[in-house]
Amino acid sequence: MKVSYFLLILLFTFLGISCQTAKENTKINNEKIVLYQMMVRLFGNQNQTNAHYGSKEENGVGKFDDITTVALTEIKSLGVSHIWYTGILEHATMTDYTTYGINLDDGDVIKGRAGSPYAIKDYYDVDPDLAVKVEQRIEEFEALIKRTHALDLKVIIDFIPNHVAREYQSDKKPAGVRDFGEDDDTNKSFSTTNDFYYIPREQFLVPTQEGLNLPQFEGDIRDGKFNENPAKATGNNIFSAKPSNQDWYETVKLNYGIDYQNGNKAYIDPIPPVWEKTKEILLYWAEKGVDGFRCDMAEMVPVEFWNWVIPQVRIKYPELIFIAEAYDPAVYEKYLTIGKFDYLYDKVGLYDALKPLIKNEEEADVEQIRKSRSFIKDYQNQFLSFLENHDEERIASEGFAKNPIYAQPAMVVSATISGGPIMLYFGQEVGEPGEGNEGYGGEDNRTTIFDYWGVPEHQKWMNEGKFDGGGLSITQKHLRSSYERLLQFVKNDPVIANGTFTEIEVSSNTPKKVYAFIRSFENKHVLVVANFNRDPASVNIKLPKELLNNRDKTLTINKILTEDSFQTSSFHKGISLQIEPSFAQILKFEL
């Protein structure tokens, strides 16, 4: 029987990976990663017009240059170690940049005036919206990378491997690089050498846009038609010439060698052309100084690709970080081990367990937090926790918590439950509610990624480019300070970065809304007690038996978030606490 070299490599990797991962998980980390996500198009925009479906001239647009050293310094003061610059790569847009040699995109296959940052039209270019001088847009991004690195901050950008814009065409690709689809045989629905999937002999049909009520504007070329014949398969695995308006119709699916219409059969030896092309894209941006990639919808790309490409790229750039957006717990272990990702999203798990507690839903129960831990098995330090990102509702929105204070215990739990990264989304730290019908984004409790828009509460912190919080209310300043205390602590504390995790038995008047655990490293311990109640909670904590050997010791316990302490000589009987409504205590002690 003939067995390919590539399949042997996968087999050996699979057989040896669990030992390697266990070894890697025991290494001592100096710091926990604190990741700050910003939508660059929105971050520096000071314009407050916010006209529905407005142009960049009406509503303004943030620039690379708006992210000044002062802004970066203030972000770092929160405890941030890495910045995820979202929306960097050039994507399809309704804005006309033809005077700069950039083709005008067809608005019928674009979501929003500004366009989706996940419909990439040129992987070797950056969004011209973000440049002060469009012809120097790549140089302006390179300058931002240098400013970020000068403050010892790391740069993360998106890598969108599953799909590209329907009109993908690179005008900035290096010499010798072939565009996606340039050499395809469009008469075949699937071919091992094609970059796209096709629906032969069928014309692409633009989905209708009922209910969006997006008005025509000067220069608008939308006519309900788009010339794509034969039609290509749509990004969310729609193998039809007529996707719906709920599909990712603005994108086309890339072919990594999987024949989805014939039993998901894999043709990955020899390596498909898309593999080599995407590897070169990663190397291109790594050479410019990017420190890592947040890989969009990573589980929609075969794990064998990641097993191949990540080691390939790390030959030249061994310190690169790879973060996978993933939502299927059944494949988590596979993408961490075989796929070689550093971190996965902890969305279907911790986030989904915490959200009902934040919202104070009647059936909310901390038991869901316990169940969420089963998803991550032995890989707790490889999951990235968050309460907001560009896909999720704003905490302060009407549809979520309304008051951002209600998320405080959830943020503490997210930040301390493991040594894995913690992320916050720009504006979260000042209670941005994501209000307004922006256009394509609509009134959906989120900050739009499709439209030109200003972010009002964030703008108050930005304070006309001073980045000093001058426009914030006292409540907002207190909120931001609470984030700073928490994130500075978790970033620098070795117990949080490296400690073991043990759930703690809690006696409480409201046990369904109180959750406690202890992190331990050497002789240091961090006890976290979170009260999700909207009322005070009386709790008694029983420490693990292994910590009760020295019963004669008087224990000094430091309260990290309130910056005070107390002593107890009867800790073996339990630690009694009064926890304020929607609050959490972080208690640190040595024993």
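If Tyr317 satisfies all but one of (1) within 30 Å of Phe141 (Cα to Cα); (2) surrounded by 17 or more Cβ atoms within 10 Å (Cβ to Cβ); (3) within 24 Å of the chain's Cα centre (by Cα), what's the number of the condition it fails?
For Tyr317, the exception is condition (2).
Regarding Ala241, is this residue open to solvent by 20 Å² or more (accessible area, probe 1.4 Å), in contact with a strand residue (DSSP E or B) (Cβ under 6 Å, 6 or more places away or on another chain) and more than 18 Å from His91 (Cα to Cα)?
no
What are the pairs, 6+ residues apart or on separate chains, where a residue within region 79-90 that is touching a residue at least 40 places away in the same chain (Cβ under 8 Å) has its Cβ under 8 Å from a residue that is open to solvent by less than 10 Å² (accessible area, probe 1.4 Å) and among the polar types (S, T, N, Q)?
Taking only residues 6 or more apart or on different chains, the pairs are Ile83/Gln37; Ile83/Thr148; Trp84/Gln37; Thr86/Gln37.
Could you say which residue among Arg166, Arg113 is open to solvent by 10 Å² or more (accessible area, probe 1.4 Å), among the charged types (D, E, K, R) and under 19 Å from Lys56 (Cα atoms)?
Arg113
Just for strands (runs of 3 or more DSSP E) wholly inside region 96-214: which have at least 2 residues that are among the charged types (D, E, K, R)?
120-126, 154-159
Can you pull out every residue in region 548-591 that is touching a Leu at 6+ places or on another chain (Cβ under 8 Å), among the small types (Gly, Ala, Ser) and open to solvent by 20 Å² or more (accessible area, probe 1.4 Å)?
The answer is Ser569, and nothing else.
I'd like to check which strands (runs of 3 or more DSSP E) are fully inside region 482-569 and have at least 3 residues that are out of contact with any Cys (no Cβ under 9 Å at 6 or more places or on another chain) and more than 15 Å from Phe589 (Cα to Cα).
In region 482-569, 500-503, 505-508, 514-521, 537-542 are the strands (runs of 3 or more DSSP E) which contain 3 or more residues that are out of contact with any Cys (no Cβ under 9 Å at 6 or more places or on another chain) and more than 15 Å from Phe589 (Cα to Cα).
Quick one: in region 399-426, of everything that is over 30 Å from Thr500 (Cβ atoms) and aliphatic (A, V, I, L, M), which residue is surrounded by the fewest Cβ atoms within 10 Å (Cβ to Cβ)?
Within region 399-426, the match that is surrounded by the fewest Cβ atoms within 10 Å (Cβ to Cβ) is Ile405.
Would you mind finding the one in Glu333, Glu299, Glu319, Glu276 that is among the acidic types (Asp, Glu), assigned to a helix (DSSP H, G or I) and touching an Asp or Glu at 6+ places or on another chain (Cβ under 8 Å)?
It is Glu299.
Looking only at residues in region 427-446 that are open to solvent by less than 10 Å² (accessible area, probe 1.4 Å) and assigned to a loop (DSSP other than H, G, I, E, B), which one is farthest from Leu78 (Cα to Cα)?
So, considering only residues that are open to solvent by less than 10 Å² (accessible area, probe 1.4 Å) and assigned to a loop (DSSP other than H, G, I, E, B), the one farthest from Leu78 (Cα to Cα) is Gly439.
Go through region 292-308 and give me each residue that's in contact with a Pro (Cβ under 9 Å, 6 or more places away or on another chain), of a type in the set (A, V, I, L, M) and surrounded by fewer than 22 Cβ atoms within 10 Å (Cβ to Cβ).
Met297, Met300
Within the bounds of region 211-234, is there any residue that is within 26 Å of Phe159 (Cα to Cα), crowded, with 17+ Cβ neighbours inside 10 Å and of a type in the set (Val, Ile, Thr)?
yes
Report, by residue number, each residue of region 188-203 that is open to solvent by 30 Å² or more (accessible area, probe 1.4 Å) and in contact (Cβ under 8 Å) with a residue 40 or more places away in the chain.
Passing the criteria: Ser189, Phe190, Thr192, Thr193.
Specify which of the listed residues (Thr99, Thr68) is without any contact (Cβ under 8 Å) to a residue 40 or more places away in the chain and either open to solvent by 10 Å² or more (accessible area, probe 1.4 Å) or farther than 25 Å from Asn236 by Cβ (or both).
Thr99
Of everything in region 336-376, what is open to solvent by 60 Å² or more (accessible area, probe 1.4 Å), among the charged types (D, E, K, R) and not in a loop (DSSP other than H, G, I, E, B)? Give them in sequence order.
Asp352, Glu367, Arg370, Lys371
Could you tell me how many of the residues in region 377-398 are outside any loop (DSSP other than H, G, I, E, B) and open to solvent by less than 10 Å² (accessible area, probe 1.4 Å)?
4
Out of region 232-273, which residues are acidic (Asp, Glu), in contact (Cβ under 8 Å) with a residue 60 or more places away in the chain and part of a loop (DSSP other than H, G, I, E, B)?
The answer is Glu250, Asp269.
The values are calculated or read from the model by the stated rules, or taken from the named source; none is laboratory data. Quantities reported herein were computed from a predicted structural model and do not represent experimental measurements. So basically every Cβ, Gly included, is an ideal-geometry build from the backbone, and we count neighbours across all protein chains shown. When the accessible area is computed, the model is the full protein with side chains, heavy atoms only, and any ligands, DNA or RNA have been set aside. Shrake-Rupley method; radii C 1.70, N 1.55, O 1.52, S 1.80 Å.
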